[in-house]
Amino acid sequence: MRKTIHSPRRLRGSIEAPGDKSISHRAAILNAIAQGEAAVENFQGGADCLATLRCLRALGVKWDWDSQGTLRIQGGGRFGLRESADVLNAANSGTTMRLLAGLLAGQPFFSVLTGDASLRSRPMERVVEPLRAMGARIQGRAGGARPPLAIEGGSLRGIRYRLPVASAQVKSALSLAALYGEGETALEEPAASRDHTERMLRAMEVEVLSEDGGGLRILPPQRELTPLSLRVPGDISAAAFWMVAAAVHPDAEIRLVGVGVNPSRSGIIDALVGMGASIILEEERMWGCEPVADIVVRSSSLRGTVVEGSLIPRLIDEIPVLAVAACLADGETVMREAGELRLKESDRIRTTVLELRRLGASIQEQPDGMVIQGVGCLKGGACGSHGDHRLAMTLAVAGLLAQGETVVRGAEASSVSYPGFWSHLEELSSY
Ligand code: S3P
């Protein structure tokens, strides 16, 4: 599908971003192994989270939508899953595959996990190796480095493990396996990644201890997990598209209602504010174990910045759209220590550089990031998503800010994480 975008005279409006993708996956998976029913409001209906729900159904979990659109999920306890009669398909979703690999490693049955062409090319050794160290029996292509993965579930033992890269998917996979391990599991990361799993596990009465220096210890629970009903916060990774559009557009004011502002995710706010963006958080409150706020973003003049170090895992998914802001900021922006971007749904360093150049960006690819010179204005043109949802939406934002007409090929990829994206774009542009 192609979408044609023009820069609107004004950007105005109030948007409820879709439910957070990371929290939705976790709410489904953890409640599936709790004992009893949970109601999950604002569950994200994008293709990734639906892939998780389908896999859970194949594993015998009962769930449905009620008349309000709330997900009702019936947990059968830690050992309530049953062997799937077929291969489990995670589609495009790395979170589905990696978290389920951790969960299924400890089940007394056999599972096979596969995905689409993009997911089948993504690295799995980062979960397979530590899971094997816990006693898991997992085979896959390239010695277990690539899906499909075949998991002969069985008994596990806790480990002490330092993750080589900051990764919430790996941390969460190992935390799920830890629920089935004998003895405690201790995990450390080089920098803090998103902590939704830990927050949710604690709320479900699992003992998750924080260690000095950011590590965590998980003790296998003595009793079943308590079901956790929640309202999923709006996804800051989705809201980020409108934050950049509003900060850069000369006549903009956008209110983003009920967005998750967990500090392990809010690096995009820090980066944009550091560039000079006018961003105000209002009505800060808690939805269960997660902080949320309404975020008001207005037109601003941005200057270049440096994005590196512990900020990277706090805005990893927002780097492509932050690159658009950098193109339209004054001066140079350097993004480094972000080599993980090459391992996402596309090689996001390569694809972001390639596609933004088509729109007049001055942007250099680096092994672990990019260097961007502000160019004053982008020029509309033809560009493509490479089947990557974040790239499709990044290019749409570039189109909102460019002179002339922009055509985004592969625009349908946005439905992986933001099914209502194009109607929100129209809504905000139509004032
Ligand atoms: C996610 C973690 C991040 C992120 C991905 C979702 C999660 O990946 O890029 O979109 O839900 O845990 P890594 O954990 O691999 O960095």
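The values are calculated or read from the model by the stated rules, or taken from the named source; none is laboratory data. Bear in mind that the values here come from a model prediction, so they are computed numbers and not experimental data. We place every Cβ from the backbone using ideal geometry, glycine too, and count neighbours over all the protein chains shown. Surface accessibility is based on the protein's heavy atoms, side chains included, excluding ligands, DNA and RNA. Shrake-Rupley method; radii C 1.70, N 1.55, O 1.52, S 1.80 Å.
Of the numbered conditions (1) open to solvent by less than 30 Å² (accessible area, probe 1.4 Å); (2) more than 16 Å from R217 (Cβ to Cβ), P130 fails exactly one; give the number of that condition.
Condition (2) is where P130 drops out.
Going by what's in this entry, would R255 be described as charged (D, E, K, R) and within 30 Å of L179 (Cβ to Cβ)?
no
T4 fails exactly one of the following numbered conditions: (1) within 30 Å of R298 (Cβ to Cβ); (2) touching a Leu at 6+ places or on another chain (Cβ under 9 Å); (3) part of a strand (DSSP E or B). What is the number of that condition?
For T4, the exception is condition (2).
Output the residues belonging to segment 1-25 that are basic (K, R) and within 18 Å of G69 (Cα to Cα).
K21
Look at segment 193-205 and say how many of its residues are crowded, with 16+ Cβ neighbours inside 10 Å and touching a Ser or Thr at 6+ places or on another chain (Cβ under 9 Å).
9
Among the residues of segment 255-280, what is the count of those that are surrounded by fewer than 23 Cβ atoms within 10 Å (Cβ to Cβ) and in contact with a strand residue (DSSP E or B) (Cβ under 6 Å, 6 or more places away or on another chain)?
Total meeting the criteria: 10.
Which condition breaks for R9 when tested against (1) open to solvent by less than 60 Å² (accessible area, probe 1.4 Å); (2) part of a loop (DSSP other than H, G, I, E, B); (3) of a type outside the set (D, E)?
(1)
For segment 190-202, state whether one or more residues are touching a residue at least 40 places away in the same chain (Cβ under 8 Å), under 24 Å from the mean Cα position of the chain (by Cα) and more than 13 Å from the ligand (Cβ to nearest atom).
Looking for residues that are touching a residue at least 40 places away in the same chain (Cβ under 8 Å), under 24 Å from the mean Cα position of the chain (by Cα) and more than 13 Å from the ligand (Cβ to nearest atom), one finds at least one in segment 190-202, hence yes.
Could you grab me the full set of residues in segment 209-218 that are open to solvent by 30 Å² or more (accessible area, probe 1.4 Å) and part of a loop (DSSP other than H, G, I, E, B)?
E211, D212, G213, G214
Confirm whether A186 is farther than 26 Å from Y418 by Cβ and either surrounded by 23 or more Cβ atoms within 10 Å (Cβ to Cβ) or within 18 Å of the chain's Cα centre (by Cα) (or both).
So A186 fails the test.
Contact list please: Cβ distance under 7 Å, first residue in segment 136-160 and assigned by TED's automatic domain parsing to the domain that holds E182 and within 30 Å of S210 (Cβ to Cβ), second residue aromatic (F, W, Y) and modelled with pLDDT under 95, pairs at least six apart or on different chains.
Sorted first by the residue in segment 136-160, then by its partner, the list stays empty.
Kindly state which helices (runs of 4 or more DSSP H) lie completely within segment 33-123 and contain at least 2 residues that are among the hydrophobic types (A, V, I, L, M, F, W, C) and either open to solvent by 10 Å² or more (accessible area, probe 1.4 Å) or under 21 Å from A177 (Cα atoms) (or both).
Fully inside segment 33-123 and qualifying: 47-58, 94-105.
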